[in-house]
Amino acid sequence: MRTRLFLSAMLATTALLLGACQTADAQEAIDSATPAPTSSFAQGVCGACHAVEAPSHSPNPQAPTFVDIANRPGISEESLADWLKDAHNYPDVMDVDLGETDAEELAAYMLTLRSPDYVRLPD
């Protein structure tokens, strides 16, 4: 009986360990097929005015695209997150109040849109 219980436990452990094994390529395929939660968050919070993905124009012509913001000279993740955390920076029409974590994740997402080949889209 003890041997049978031990073997069952070993079999279950082995099955769990093998299930956790997958190649990096398989994980990358899963990751690339799943949209980033921050992209969805950005679209929900900012997408009514800003283009949050590249390449596109902002729905509000006065609102810069996230790509344009990300490619501004001298901008860093820290400076962008600090700016996003301070709602006093926003125009009055923006009724957004981001917490520290949301601002930091949004800044990190925005900077993924940075490109060495950046060219601003014509209006």
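Taking the condition over 17 Å from the mean Cα position of the chain (by Cα) and at negative phi, does Asp86 pass? Give the derivation first.
Values: over 17 Å from the mean Cα position of the chain (by Cα): yes; at negative phi: yes.
In short, yes.
Across segment 100-123, what is the total count of residues that are part of a loop (DSSP other than H, G, I, E, B) and surrounded by 10 or more Cβ atoms within 10 Å (Cβ to Cβ)? So that I can check it myself, show each step before the final result.
Start the filter on segment 100-123 by keeping residues that are part of a loop (DSSP other than H, G, I, E, B), which leaves 112-123.
Narrowing the set further to residues that are surrounded by 10 or more Cβ atoms within 10 Å (Cβ to Cβ) leaves 112-115, 118, 120-121.
Qualifying residue count, segment 100-123: 7.
Could you grab the pairs with beta carbons closer than 8 Å, sequence gap of 6+ or different chains, first residue in segment 81-110 and over 21 Å from Ser40 (Cα atoms), second one of a type in the set (S, T, N, Q) and assigned to a helix (DSSP H, G or I)?
none
Got a sec? Which of Asp95, Asp68 is in a loop (DSSP other than H, G, I, E, B) and not hydrophobic (A, V, I, L, M, F, W, C)? Break it down stepwise before answering.
Numbers: Asp68 fails: in a loop (DSSP other than H, G, I, E, B).
Answer to the selection: Asp95.
Mind counting the residues in segment 54-77 that are at pLDDT 90 or above and either among the aromatic types (Phe, Trp, Tyr) or under 19 Å from Phe41 (Cα atoms) (or both)?
Result for segment 54-77: 13.
Mind counting the residues in segment 83-99 that are touching a helix residue (DSSP H, G or I) at 6+ places or on another chain (Cβ under 6 Å) and more than 17 Å from Pro64 (Cα to Cα)?
Qualifying residue count for the region: 3.
The values are calculated or read from the model by the stated rules, or taken from the named source; none is laboratory data. Because the structure is a prediction, the values reported are computed rather than measured. Ideal geometry is used to build each Cβ from the backbone, glycine not excepted, and the neighbour counts take in all protein chains shown.
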